[in-house]
1. So if R0 is 41 Å, what FRET efficiency would B:Lys255 and C:Glu243 give, r being the distance between their Cβ atoms, rounded to the nearest 0.05?
2. Report the paramagnetic label zone for A:Thr33: residues of segment C:345-379 whose backbone N is under 19 Å from a point 7 Å from Cα along the Cα-to-Cβ axis.
3. Go through C:Arg310, C:Arg179 and list them by solvent-accessible area, largest first, probe radius 1.4 Å.
4. Which value results for Rg/Rh of the protein assembly as shown when Rg is the Cα radius of gyration and Rh the Kirkwood radius based on the inverse mean 1/r?
5. May I ask for the net charge around A:Phe298, where only other residues with Cβ less than 10 Å from the Cβ of A:Phe298 are counted and Lys, Arg are +1 while Asp, Glu are -1?
6. Hey, if we sort A:Ser429, C:Ser143 by accessible area with the 1.4 Å probe, largest down, what's the order?
7. Using square roots of five times the C-alpha gyration tensor eigenvalues, list the equivalent-ellipsoid semi-axes of chain A in whole Å, biggest first.
8. Can you give me the angle between helix A:450-459 and the longest principal axis of chain A, using Cα atoms only, in degrees from 0 to 90, rounded to the nearest 10?
Amino acid sequence: MTEREVKRGIKQLSPIDVYMLLPRTNCKECGETNCMAFAAKLVNREVSLEQCPPLLKKEHEKSYKKLQEMLAPVIKEVTIGTGEHTVKIGGKLVLYRHEFTYHNPASIAFDVTDEMPLHARFPGEEALIERVKKVENFLYNYIGRDLKLDMIAVRSTSNDPTTFRSAVEEVTKATDLPLILCAFDPSVMESGLIVASGRKPLIYAATKDNWKEMADLALMYDCPLAIFAPNDLDFLRSLSKTLIEYGVKDLVLDPGTFPNEGVSDTLNNFTMVRRNACKGGDELFGFPLIGTPITAWFGEKDSKEMLAWNEAYVASMLISRYADILIMRSLDGWVQLPTVIWRFNIYTDPRKPVSVDAQLYTFGKPDEMSPVMLTTNYALTYFTVESDLKNFGGNYYLIVADTEGISVESAVAGRYLTAETIAEAVKNSGVAEKVKHKYLIIPGMAARLSGETEDELKNVGLPGWRVIVGPRDSSGIAKLLKEKWPPKEGEEE
Amino acid sequence: MRTLGEEEKKAATKLAELLKLLGLDANRDIELEDVELTIGEIVLDPSALTSAALKHITPPKMKAIAPPTVKPTTILEAPFTPFIQEYPGKIREVTLGATKSKGGSRKPVVIGGATTPAFYLFEKTPPNPPVISVDVFDMKVTLPKAIRMQVEDVWEDTAAWAKMAVNKWGAKVLTLHLLSTDPLIKDTSPAEATKTVEEVLQAVDVPLIIGGCGDPKKDAAVFKKVAEVAEGERVLLSSVTLDMDEAGVLEGVAKAAAKYGHLILGFTALDLNRAKELNRKLGDYIPEGDILMDLTTAALGYGLEYSFTIHERARMAALMGDTELQHPVLSGTTNAWAAREAWLNLGPEWEPRSLRGPLWETVTALSLLLAGVDLFMMMHPDAIRTIKKVTQQLMTRGKAKPEKIANWVNAKI
Amino acid sequence: MSMFDDIPVDVGVIYEGERIRRNQMHVELGGPKVEAKFEVVKSRPMDEIEDGKITVIGPDLKDLEAGKSYPFGIWVDVAGKEVEEELEGVIERRIHEFCNFIEGFMHLNQRYDIWLRLSKKSFEKGLNSFKMIGKVLYRLFKSDLSFIEKIQITFVTDPEKAKEMMKKAMVIYEARDARARGLKDEDVEEFYGCSLCQSFAPTHCCVITPQRYANCGAISWFDGRAAARVDPKGPIFKIERGECLDAFKGEWSGANQAVKEKTMGEIARIQLYTGQHKPEQELYPHTSCGCFEAIAFYIPEVDGLGIVDRGFKERTVNGLPFSTMADAAAGGRQVDGFHGLSIEYMRSPKFLQVDGGWNRIVWMPSSVKERVKDFIPQNMVDKVATEKDVNTIDELKVFLEKREHPVVERWKAIPAEAAPEVEEVEVEAPLEIPVSGVPITAGGFKIILKDAKIHAKKIIIRRVEK
């Protein structure tokens, strides 16, 4: 497959192509108005084929298969875990996020070992249950979203089946989070799988020496299987081929995460693997990638802070370069905050600018004579305005209008911000009931809407409201308020 | 056992053929799944072929529901060849600073020249590693504690600050921010500002980037003076914008830069079209090889992904032949500190801030490093050190030692 | 702006949307209460114009009675090496913008519809002469449209003169429109490219021609020409048309080349007059960005095209609203079945001619139909359904048949809808394995079974070395 052909698949798939293969009964069981709407959403990857019950019937088997092929992401989507707590990894459609968007944010797993005490015996000791709980309880609220951590990786340092089995059992009891079981010895792995059956953990990992047994385990327990081939892409690929033929459907690839002097190889390997799949049509590499920044902790002698620092920055690089899962050690807040935020950021849809909630925001303690300002819900716009208002100090009402995350200038040009939408936003905010005055300050770049807006405000039941045109950049708010607030009565005739 | 009849012999042959077809061989087994057998008793043994007769045995009926799968017993070879792309374009190489022979007194630094996306060493080794320029201000500035502690001994004395950055922190390039020229801050005159520039030029021998205050007209005036005073030193004037063009002052600055042999940084706000437009306009007055781009660096958490994507797009476009984007790129990574999360007290579980802040700047820098940035403006020494180290490491492949991590799963802490 | 220090009121972008109400106004010029009102720009030879001359025919602002409405005209003469008749309209449109920059001076509409008001406040501040307004316009024109070398402005408040000059203006408008509508894509040597939307859609570049307006509806070929002239390094640029590869489809080598460059090779070919993307039939539509005014969408059930514009908020006949289909079309792609376009393009004689033009359009919002009615072929006007006629595909089918819409002919050509395929899957393949004595020659195998009905999940037949 040439690059053009691969690209065409994603970029130029028309809803019509998909529509022609659907049952076209317009039965609405999928929740959409009709099959065309469902087709459009499928192309946009907002819904999945399985949401169409008629399609899953025998008579549509051929079409279903064709649609699966048509919509199949170039990197297979692999599910780990069961029940409410599954993670989907992979499922990527493109190499660069600007070509479409990335799907399935990278999952972050934290290790516990089977030789860790269950509970800390003295303060400061690392213990299994406490660590698992810490992972579960991690939470940071960022622009209205809760950022959390995702999985537990149970490592066997004992290499003893019984020890491993009991540790895995404890973990399964302590948490519902999806799991990765890490052992190279198949009998150790099996003992873990026995107690984790029904949880569909990721088996880490198949290597040169154990691949067949690991494959059998993967098939027997119906689990995805990771392949570990440190710095050996020939072997990684060969093992991928072998395992696929063996019948293992869900693979995860680990070309090795090397700290320090090996970081170049690490990034180059990740890049080559992902690129071969996306641009070179290489189906053997069409699987998620797993990075293990945790390796920063082994081998190098250094302070805990230094090791955590190294792990942190390697993790961020792997998030930028195609890792679908990470196994990490450090649960320090200062390490995880930039990690989870960068992960969140890079997985936002570049076609849909990040937005904040469109609503009424208050600064300080605004009263009935405080200025009322308006801006758009483009996240960057909002944060800039918020920052300026906070720096300047004072009490304000800020109405954030929904322009689908588009900045003021573009929203005015693209007609997302119009006199009507402004009036709607003002009405819905309820600010008219909170203030005695009737002045609205709009962004300078929306100047041309000022007159029309006054008319529209009347139309939505807010007669007599006046529009003041604000500065083109929110840093000028200070100056504007100094000069024009409060507006002098009697100036208006 | 009964004797084989003709029918049975035929069927047997068929089976043999079938098994052969299915690939029963040394490397592969045949497995039949979900098989139902109704049988009496049989022992099937080839040695019994010639003699034995099978009696009263109901031949097994096998319902093969799923087609048989052939499983490999050894690893199937599938050697790997990387997908290599040809790029019609490349990034220009630019030299910062000039030596005595060229009229300056600097130790020059070369950036740019990439012929592949960032650090695709499997395609080509980048000719020049990305470089860091350390921030120095011409006045005391409000800084987060994590940085302040590092510079408060010297921040009253710009030349001393510059010296520390070079001698203690190993800076290869310095950015001198003439913040005091801001009309809303101290409104220092161009004449005064250039005095500071001269001081710093005397104090250190690394190439300089001269940062303005952001006011288009003031910056234009200051840059023109600086250009004159720093003639021959090949400084980078940071930065010019399309606002300057609208205010009618762009031409003056660009011409001054060209006259006195300096470089110009064109700054645009996350908009490649405008970046190209600015480059086109600058190209009228100054050689294309003397233009660098700043596409805007948004802090981690405040839009870094926009910067990341626009840098990836710009670099790809340049490599695919868009000449208007083939300029080396600079990142104002210090912007990372604008993020509240870099310095704010968020509570005990997010401490220590002395690590969180520099890590914030580091992560911001690293993402852009992987998106193709050639020149970084940075502030915190820990972040600077890390980026320097990583950059160096990224420049060479083949150093990974598999044995170092082969048993990571079993490693004890 | 410091360029207006001698003007008694402020001049700036922030006054652009300013409204002046009846009770705030000092005087009204043009507007619904008077008959004679116009604004026109005429290009003239260089020697006929005195640069900067501002004339007032009739009473000046200070001599007009407060509170009243007056006939009014603005006549602007321009000259310059690069000034052409074709650019008159583009220059004329700026009068509205520039007047509005003046604090307390409001300008609405254009051409023979203009409506202006001067506020009491500004009059009291000293804005009491058209000469001042003229000065502002003069400076703004000169600075924004640098290709204008000489400009003189005449304000008319004398009723008789206004009437007379208005008649002249109407003739100019007529001629202009006739010329513009008559201008064919084949007649010009260059098109104009616009990459303004590339921030949203990096692989989009509009090719603007006389017969295909920009998707956003804001830029005509003339606008493009003026913009490229004013700012050759700006986002709107000239495209050498090149060789005509296909006149019917509207494919030109120069346009292809430009689009290829501007989209870094993403889009290699475009044809102006089709909305279909079918490489196997060599159909390559113009790309859609995200700010298009309307979408043409394919309705498979009737093999026809529907149209919906941004302003239509309800679901269209196929059940999808504009926004959902916009997502499918947008992003700078060529997506078969969803094609972004402008309303003005619907008035073009080349409108989607490859796909069948108006003979293929089956549904559109009534508001859009009103706007372009004069350009829909007479015999088709009643055959195109609107939301007032039908709301579902089934209703549409009935409507189209009744009205004998041309697409009905196409239905007969397509075979009846194929029933969903039912696949027979071979479930049973009984394999009779004979008892023993299978003469496998090389190597040997042993299968030992005792007693039974065995359901084996797996039977392995393995080669055993001798």
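1. The formula returns an efficiency of 0.50 here.
2. C:362-369
3. C:Arg179, C:Arg310
4. 1.02
5. Value of the local net charge: +2.
6. Ranked from most to least accessible, the order is C:Ser143, A:Ser429.
7. 50, 30, 20
8. Computed tilt is about 90 degrees.
The values are calculated or read from the model by the stated rules, or taken from the named source; none is laboratory data. No experiment lies behind these values; they were computed from the predicted model shown. When we count neighbours, we look across all protein chains shown, and the Cβ atoms used for this are built from the backbone with ideal geometry, even at glycine. Each accessible area value is taken on the protein alone, full model and side chains, heavy atoms only, with ligands, DNA and RNA left out. Shrake-Rupley method; radii C 1.70, N 1.55, O 1.52, S 1.80 Å.
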